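Colleague: If you scroll down you'll find the structure; I have some questions about it.
The values are calculated or read from the model by the stated rules, or taken from the named source; none is laboratory data. Computed from a predicted structure; not experimentally measured. No Cβ is skipped: glycine too gets one built from the backbone with ideal geometry, and neighbour counts run over all protein chains shown. Just so you know, the surface numbers come from the protein's heavy atoms only, side chains and all, with ligands and any DNA or RNA stripped out. Shrake-Rupley method; radii C 1.70, N 1.55, O 1.52, S 1.80 Å.
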Amino acid sequence: MSEFPGGSKSRVNVAGENVRAGTASSDDLRSIEDWRAAHRAVLNTFQASLRTRTRNQSIVVAQRHKRRNTIFNKLQRLPKMELSRMDDIAGCRLIFNSIDELYNFRKQFHKARFKHKRKNEIDKYDYIKNPKDTGYRGIHDVYSYDVNSKNGDKYKGLLIEIQYRTLVQHAWATAVEVIGFITENQPKFQQGDRRYLNCMSLASEILARVCEDNKGPHPDLSDGDLLKEFEALDNELNLIRTLTGLNTAETEATRNRNTILVFKPNGDLEVFSYRDSTEALDDLFRLENENPELDIVLVKADSSEEIRMAFKNYFSDAKDFVRLLMQAKKEIYESLN
């Protein structure tokens, strides 16, 4: 039997196919859990390196371990994807004050001396230079894990994604996540009412243009037409008013480094907090097995401020997005008049 987590790459892929077909057995689910859990070691290696390199800099670093339900949903959305090749099971996110700081850090990180191999060309996932139609802006790099140690050998080849965003780009992405929680629409995945997708895409252009002197997905629109189209959709959806009215959830997450959030169908939020990351991970798998229908997430960061900054979407807090957007709209109005 191969030491590869989950048995082997082919075994993990078969389990993924069975999930997609709705025929997954307990052995399939166990194989997927073993493979998914193994990414924790990869995640810890990368986040430790990133924290060392960002020390004494105003860069937020956070890590994310993809939820089982999210993995299964992605398998359904992408019918040709092999599970073992899913490259965002483990992810580190870095949030910068400016685009220049982002590019400078990334350039230096690419020069880092380690065996882990970057899988993508430098511009392949650069959604700042080439924003997605959804309005998403940011940059992703995918690395393949490689070590020389005997204990680490079984993790060789596992993939991890590093996300680079500015504060402005992160505020927009946070708002998109919030919309996914509070409505039945998923503009992040281009699902549901396309008005939400179009509205957020236009908002991205506004923020890129005014806050970062950059381009978004609608560079050819005049300032006047951009505002007109955005406000027409916002008047139909009451999106900004809805986001403004959300109350920030105060949870134990601000006092503990490991917090599990359980989102109930009725909108309630159940919170479990832990000092110990191993205990939190064990409880995460238990809760997922006991409640496969619920949206459950483990939030981990080194400080309460980093939790607030990097995972605001889980606390229904889109105030940064609203503040930046209202400020940007005001500046465009003033320039037109």
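Colleague: Considering only the stretch 1-16, state which residues are open to solvent by 80 Å² or more (accessible area, probe 1.4 Å) and either more than 25 Å from the chain's Cα centre (by Cα) or without any contact (Cβ under 8 Å) to a residue 12 or more places away in the chain (or both).
Modeller: Selection gives MET1, GLU3.
Colleague: What's the number of the condition ARG51 fails, among (1) touching a Gly at 6+ places or on another chain (Cβ under 7 Å); (2) surrounded by fewer than 19 Cβ atoms within 10 Å (Cβ to Cβ)?
Modeller: Unmet condition: (1).
Colleague: Right, next: Tell me which residues, restricted to the stretch 200-244, are within 13 Å of ILE179 (Cα to Cα) and at pLDDT below 90.
Modeller: LEU237, ASN238, LEU239, ILE240, ARG241, THR242, LEU243, THR244
Colleague: Further question: Given the structure, is ILE139 open to solvent by less than 10 Å² (accessible area, probe 1.4 Å) and touching a residue at least 40 places away in the same chain (Cβ under 8 Å)?
Modeller: no
Colleague: Next question. How about the stretch 177-196: which of its residues are open to solvent by 10 Å² or more (accessible area, probe 1.4 Å), modelled with pLDDT of 70 or more and either part of a helix (DSSP H, G or I) or of a type in the set (D, E, K, R) (or both)?
Modeller: GLU177, GLY180, ASP193, ARG194, ARG195, TYR196
For every residue, the table says whether it meets (1) assigned to a helix (DSSP H, G or I); (2) at pLDDT below 95; (3) among the aromatic types (Phe, Trp, Tyr).
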position	(1), (2), (3)
THR23	no, no, no
GLN47	yes, yes, no
GLN63	no, yes, no
THR70	yes, yes, no
ASP100	yes, no, no
TYR103	yes, no, yes
ARG106	yes, no, no
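Colleague: Within the stretch 108-136, which residues are in a strand (DSSP E or B), open to solvent by less than 80 Å² (accessible area, probe 1.4 Å) and more than 15 Å from GLU212 (Cβ to Cβ)?
Modeller: The answer is ARG118, and nothing else.
Colleague: If you don't mind, another one. State the number of residues belonging to the stretch 115-134 that are under 18 Å from GLN169 (Cβ atoms) and touching a Ser or Thr at 6+ places or on another chain (Cβ under 8 Å).
Modeller: So the answer is 3.
Colleague: Could you give every pair whose Cβ atoms fall below 9 Å, whose first residue belongs to the stretch 42-60 and is within 13 Å of GLN108 (Cα to Cα), and whose second residue is at pLDDT 90 or above and open to solvent by 80 Å² or more (accessible area, probe 1.4 Å), counting only separations of at least 6 or pairs across chains?
Modeller: ARG53/GLN108
Colleague: Filter the stretch 25-35 down to residues that are out of contact with any Pro (no Cβ under 8 Å at 6 or more places or on another chain) and in a helix (DSSP H, G or I) and give me whichever is surrounded by the fewest Cβ atoms within 10 Å (Cβ to Cβ).
Modeller: Result: SER26.
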